[in-house]
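Read the structure below first, then the notes.
The values are calculated or read from the model by the stated rules, or taken from the named source; none is laboratory data. Every value quoted in this text rests on a predicted model; they were computed, and no experiment measured them. Glycine also receives a Cβ, built like all others from the backbone with ideal geometry; neighbour counts cover every protein chain displayed.
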Amino acid sequence: MENKDCGCPRRENPDFLDSGLLPAGSPGTPFASTRRRLIEILLGSGFLASIASFLYPVARYLVPPAVSDLGSDEVIAAKVGDLKPNSGKIFKFGSRPGLLLLNAEGEYKALAGTCTHLSCTVQYRGDLQQVWCACHNGIYGQDGRNISGPPPRPLESFQVVVRGQEIVVRRTMRA
């Protein structure tokens, strides 16, 4: 049986592709190449983002951070009478915390307030008369030496001077 002209577009018609009668995204249409290009861009950028997310931590590990300065050489840590015997107080020493101690004998001591293991803030435990890091149970003596736990080295100690009613802490000058 011969197919009569039913008014349907035929594939032999050169105007058929441009008439918009093909479904969107069919091969050979401009929309298909645009959509394909968009998918390629999305997949490529996702791949590049994955690579960057793996390489960034490696680069941060290999490049050491800039050494931050404490900000100042001297700071007022407290006032006389703020601390009870056998207690401690955290104070701000530049951009880092410091720890001011008043031992049972009435002597002031000042130490760096960050653990030498992972830079967690330490605190003074009067019941044990020790400086304690809660992160991994690191323990330091009142003089800052590491006693137990993972801390690899002692806490840095600072010089304490009482000027009138102010307790001043200053960095110890290294020779």
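Looking at the stretch 118-161, which of its residues are of a type in the set (A, V, I, L, M, F, W, C) and within 23 Å of the chain's Cα centre (by Cα)?
Scanning the stretch 118-161 gives LEU118, CYS120, VAL122, TRP132, CYS133, ALA134, CYS135, LEU155.
Yes or no, residue by residue, for (1) outside any strand (DSSP E or B); (2) within 20 Å of ASP73 (Cβ to Cβ):
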{"site": "ALA110", "(1), (2)": "no, yes"}
{"site": "LEU118", "(1), (2)": "yes, no"}
{"site": "VAL122", "(1), (2)": "no, no"}
{"site": "VAL131", "(1), (2)": "no, no"}
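Just name the residue that is modelled with the highest pLDDT out of those in the stretch 124-151 that are among the polar types (S, T, N, Q) and surrounded by 14 or more Cβ atoms within 10 Å (Cβ to Cβ).
Step by step, filter the stretch 124-151, then rank; the result is GLN130.
Looking only at the stretch 51-79, count every residue that is at pLDDT 90 or above and part of a loop (DSSP other than H, G, I, E, B) and tell me the total.
Residues that pass the stated criteria total 0.
Looking at this structure, is LEU118 in the same structural domain as PHE158 (by TED's automatic domain parsing) and either touching a Lys or Arg at 6+ places or on another chain (Cβ under 8 Å) or modelled with pLDDT under 90 (or both)?
yes
Collect the residues in the stretch 109-127 that are within 13 Å of SER87 (Cα to Cα) and either touching a Pro at 6+ places or on another chain (Cβ under 7 Å) or touching a residue at least 40 places away in the same chain (Cβ under 8 Å) (or both), keeping them in residue-number order.
Listed by number, the residues that qualify are LYS109, ALA110, GLY126.
Residues to consider are ILE147, ILE139; find the one that is over 17 Å from ARG170 (Cβ atoms), in contact with a Ser or Thr (Cβ under 6 Å, 6 or more places away or on another chain) and hydrophobic (A, V, I, L, M, F, W, C).
ILE139
Which one of the conditions (1) in a strand (DSSP E or B); (2) surrounded by 14 or more Cβ atoms within 10 Å (Cβ to Cβ); (3) within 25 Å of the chain's Cα centre (by Cα) does LYS92 fail to meet, given that it meets all the rest?
Condition not satisfied by LYS92: (2).
Go through the stretch 128-154 and give me each residue that's within 13 Å of LEU101 (Cα to Cα) and touching a residue at least 12 places away in the same chain (Cβ under 8 Å).
If the condition is that a residue be within 13 Å of LEU101 (Cα to Cα) and touching a residue at least 12 places away in the same chain (Cβ under 8 Å), then GLN129, GLN130, VAL131, TYR140, GLN142, ASP143, GLY144 are the ones that fit.
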